[in-house]
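Quick note: the coordinates plus some simple rules give every number you see, no bench work behind them. All values derive from a computational prediction rather than experimental measurement. Please note: Cβ atoms are built from the backbone with ideal geometry, for glycine as well, and neighbour counts cover all protein chains shown.
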Amino acid sequence: MIRTLRRNETARPEFAHLMWLATETGEEELGRILREELPGLSVIGVIEEGRVVAFAALDPRTEPTVIEYIAVEEASQGSGHGSALVDAAREAGSGRAVYAETDDDAVDFYRHLGFTVTEKAPDPRWPERQRYACLLG
């Protein structure tokens, strides 16, 4: 079941690990994202046995709906949680298109879900990685 995550759930260590999976940033940048960016986003997640095992942080007010961060814990990858979160993001945006940016690690995930994928200029946060713009109309 996917639902909006509460602040106490996004403050737990397993959530910080999920955010690290989504960003692969250092501890300082990770803390900044959790403190400064996350409160301005809608955060939805999958809870299993009282733990957050997958999440998406998005802005459903934009056109298209933007998925800023998404991750599924290692043990739950391949279970369908990621695609369910994308579906929930689309619903949160009232059926509008969904946009995400990624790199080589997750581009095939978006392609598999039917996103149109185009190469993008490098992101200063990850200058050595090829970036992709992903749009699901």
Notebook entry, point to check: Per-residue HN-Hα couplings for the range 45-60, Karplus 6.51 cos²θ - 1.76 cosθ + 1.60 at θ = phi - 60°, whole Hz, x for Gly and Pro?
Noted result: x, 10, 10, 10, 6, x, 10, 7, 10, 7, 8, 9, 10, 9, 10, x
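Roughly what % of DSSP beta bridges within the chain run antiparallel, to the nearest 5?
The answer is about 90 percent antiparallel.
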Notebook entry, point to check: For the chain, how big is Rg over Rh, using alpha carbon atoms and the Kirkwood form of Rh?
Noted result: 0.93
Next item on the list: Could you sort 50-60, 90-100 so that the peptide with the highest average Cβ count within 10 Å comes first and the rest follow in order?
Entry: 50-60, 90-100
Check: To the nearest 0.05, what FRET efficiency results for Glu63 and Glu37 with a Förster distance of 25 Å applied to their C-beta separation?
Finding: 0.80
Checklist line | Loop-resident sites, the range 1-65, for GluC sites (Glu not before Pro), counting at most 16 other Cβ within 10 Å (DSSP) | finding: Glu24, Glu49
Checklist line | Rounded if a/c under 1.5, otherwise prolate or oblate - the range 17-93, Cα gyration tensor axes | finding: oblate
